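Asker: Let me begin by handing over the structure; questions about it come next.
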Amino acid sequence: MLALGYAKGIAHRFLRNPKWTSGLFLHHNQFPNYSIYVKSKPFLQVPCKSASFDVLQAQRRNLFAYDGLYSRRYSSNSTVELRTDENVVRFAFNNVTSSGNNVVPTRKEKKWKRAKMSRKAKVNELRFYRLKAKKKMNSPNPEVRIRYKLEKAKRKEEWLIEKLRKYDVPKSPAEPYDPESLTEEEQHYLKRTGEKRKNFVLVGRRGVFGGVVLNLHLHWKKHETVKVICKPCNKPGQVHEYAEELARLSKGIVIDVKPNNTIVLYRGKNYVRPEVMSPVDTLSKDKALEKYRYEQSLEHTSEFIEKLEKELEEYQKYVTRHKKKKDEEAEKKKEADSKSKIV
């Protein structure tokens with residue numbers, strides 16, 4: 001009880017005397033004639049919400065005021081409590097929310113970051129994977145070898161598909177366009193003139209891109225028709241796909257598609273050359289070549305996967321046949337042994 005009384009008295013004195021709120025309290029006592037004026041900074045700038053300090057609520061502004069201004073720089077949302085658990089006096093600080101409920105802050109657990117691997121550790125890891133792959137490649141079991149190659153080819157196929165998605169250009173909304181109607185005589189005349197003239201545009205391995213459409217418009221400055229020669233058109237129906245794409249991008253009219261992979265395009269009667277001759281929804285020359293290379297690689301990998309799957313099926317069939325033969329031979333041996341025993 002004595003300890004509790006002493007603690008309360010110290011707290012009252014501490015909050016009543018403004019000099020005690022300063023960090024220079026001892027300095028004032030040792031040197032009372034100190035002439036230099038020093039600002040007194042509050043030592044504890046928190047509102048007291050304890051039940052034992054209700055009397056001092058009115059003096060709160062005087063305690064923290066300096067030169068008539070309220071010091072908010074050192075203010076806090078915490079409260080002071082005087083605890084007397086097990087006859088021991090303790091001062092405790094608790095955070096107060098806007099609603100007034102006491103909330104004890106909890107320490108957040110640290111998220112451990114993965115330590116960076118050293119160069120030697122990376123080399124060892126790569127060596128381990130290489131040795132593992134080498135064992136599978138040199139395995140005496142052919143099924144293990146085929147499955148390893150198949151998994152590798154499938155991973156490559158997925159990677160190539162993801163790469164090709166970057167080159168998919170979204171098609172712009174089609175503008176209102178009325179294709180001009182041509183009579184049979186006009187079509188025949190344009191077809192003959194297009195065949196006789198020597199001006200042509202080449203569509204190579206890159207396919208239809210911005211440069212091809214630009215060349216079409218440049219030819220249409222002086223000529224009504226232009227021939228488009230598609231050289232690597234190995235796939236069936238690829239020439240007709242190119243013809244539709246060129247008609248959509250250039251807004252021309254397809255007159256004829258010949259069996260030797262040539263297309264005759266007519267510019268139209270009311271042709272007006274556009275300001276931007278290479279459309280926005282087409283690839284550049286370099287990107288079109290990159291796309292072609294990825295497509296070729298994807299085509300070869302898909303063929304290789306089909307070949308490996310056939311090999312795996314044939315090997316499994318061979319294994320089942322071999323097992324059946326062994327079982328039949330074992331049964332014949334058993335029968336022969338049983339007959340010899342009977343005899």
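The values are calculated or read from the model by the stated rules, or taken from the named source; none is laboratory data. Since this is a predicted model, take the numbers as computed values, not measurements. Heads up, the Cβs are rebuilt from the backbone with ideal geometry, glycines too, and the neighbour counts pull from every protein chain shown. Only protein heavy atoms, including side chains, enter the accessible area calculation; ligands, DNA and RNA are left aside. Shrake-Rupley method; radii C 1.70, N 1.55, O 1.52, S 1.80 Å.
Asker: Out of all the residues in region 264-293, which are more than 43 Å from the chain's Cα centre (by Cα) and free of Cβ contacts under 8 Å to residues at least 12 places away in the same chain?
Answerer: Passing the criteria: only 272.
Asker: Within region 208-225, is even one residue under 21 Å from residue 280 (Cβ atoms), open to solvent by 100 Å² or more (accessible area, probe 1.4 Å) and not in a loop (DSSP other than H, G, I, E, B)?
Answerer: no
Asker: Search region 240-263 for residues that are modelled with pLDDT of 90 or more and pair each with any residue that is among the basic types (Lys, Arg) and in a helix (DSSP H, G or I) when their beta-carbon atoms are under 7 Å apart and the residues are at least 6 apart or on different chains.
Answerer: From residues that are modelled with pLDDT of 90 or more, the pairs are 255/191; 256/191.
Asker: May I pose another question? Considering region 191-205 alone, what residues qualify as being assigned to a helix (DSSP H, G or I) and either of a type in the set (Asp, Glu) or open to solvent by 20 Å² or more (accessible area, probe 1.4 Å) (or both)?
Answerer: 191, 192, 193, 195, 196 - these are the residues of region 191-205 that are assigned to a helix (DSSP H, G or I) and either of a type in the set (Asp, Glu) or open to solvent by 20 Å² or more (accessible area, probe 1.4 Å) (or both).
Asker: Condition first: at pLDDT 90 or above and loosely packed, with under 14 Cβ neighbours inside 10 Å. Now tell me which residues in region 166-184 satisfy that.
Answerer: Across region 166-184, the qualifying residue is only 166.
Okay, residues lined up against (1) assigned to a helix (DSSP H, G or I); (2) touching a strand residue (DSSP E or B) at 6+ places or on another chain (Cβ under 6 Å):
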| site | (1), (2) |
| --- | --- |
| 242 | yes, yes |
| 245 | yes, no |
| 257 | no, yes |
| 273 | no, no |
| 280 | no, no |
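Quick grid of which residues meet (1) over 30 Å from residue 244 (Cβ atoms); (2) part of a helix (DSSP H, G or I); (3) without any contact (Cβ under 8 Å) to a residue 40 or more places away in the chain:
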position	(1), (2), (3)
117	yes, no, yes
121	yes, yes, yes
132	yes, yes, yes
136	yes, yes, yes
143	yes, yes, no
149	yes, yes, no
154	yes, yes, no
163	no, yes, no
171	no, no, no
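Asker: When you look at residue 288, is it assigned to a helix (DSSP H, G or I), out of contact with any helix residue (DSSP H, G or I) (no Cβ under 7 Å at 6 or more places or on another chain), surrounded by fewer than 17 Cβ atoms within 10 Å (Cβ to Cβ) and of a type in the set (Gly, Ala, Ser), yes or no?
Answerer: no
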